[in-house]
1. What distance in nm separates the simple spin-label points at TRP69 and VAL186, each placed 7 Å from Cα in the Cβ direction?
2. Roughly speaking, to the nearest percent, how much of the stretch 30-164's 1.4 Å accessible area is carbon and sulfur?
3. Around VAL96, which amide H atoms from residues at least 5 apart in sequence, or from another chain, sit under 5 Å from its own amide H, with H modelled in the peptide plane?
Amino acid sequence: MEAGEAVREHGTMTAEQDTKVSTRDTVDLTRLLGFSDAFFPIIITLLVIEIHVPEAPPGALGHALLEAWPSYAAFALAFIYVGIIWLNHHGLFRRVSRTDTRLNWINLGILGTSALIPFPTRVLAEALQAGNVADQTSAVVLYGMLAALMSFAWAPIFPYLERHRERLAPDVPAGYFAAQRSRPWVGVICYLTAIATSLLFSPWAGMSLLLVILFYHAMTSEGLRNVRADLRMKVGDASPA
């Protein structure tokens, strides 16, 4: 009788402990996602702040606004880039059920390098307005270097999650994150290629490659894949039987 009561008591304690661990894991992951989701709007706000009202004499404001087109173009490029990073981040952590210290540090690396985007964006916009080829080349090189650093920051997370499947949601297929390992390295190589192209040929050629890389990240984005899947599901549900 006493043994049976001890077993039942031990079982109750185990269930309570499991509940506490599960609650703690949920809180930790919620805090990570809340912090991360608040981070990206701040970056976008900093991008908007970098767009300044041009100084112009009376009657020349319209012309000055048109001449400031590099600032608008740089903002659009950076806004799309930040949006793609957020979509990738959102799609990735949809498959994570638990976090830990190392995963938090990897996530901080992703967020920290993403926070650098406003700086090269502003430098690129001012270089385009100045019209100096040497300055434009330097601006593209700076942008490419920091973008390569951002891509590199994603490299550790895929092999880490593949090794620690206990951190993942139950429905994540085996080998899912192993298939994602090459994506950050493709970005690093492409950004370094854009830098070399700017130095060897022209900054405009390098900027063209930056746009191509942006398109690549968008098309391979887990976030956009999820959006397309949701849209297909909605269309399928709305179609007549």
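1. That separation, rounded to one decimal, is 3.2 nm.
2. Here carbon and sulfur together make up 69 percent of the probe-accessible area.
3. Amide H to amide H, under 5 Å and 5 or more residues apart or across chains, VAL96 pairs with ALA169.
The values are calculated or read from the model by the stated rules, or taken from the named source; none is laboratory data. Model, not experiment: these values are computed from the prediction. Cβ sites come from the backbone with ideal geometry, for glycine too, and all protein chains shown count toward neighbours. Heads up: the accessible areas ignore ligands, DNA and RNA and are worked out on the full protein's heavy atoms, side chains in. Shrake-Rupley method; radii C 1.70, N 1.55, O 1.52, S 1.80 Å.
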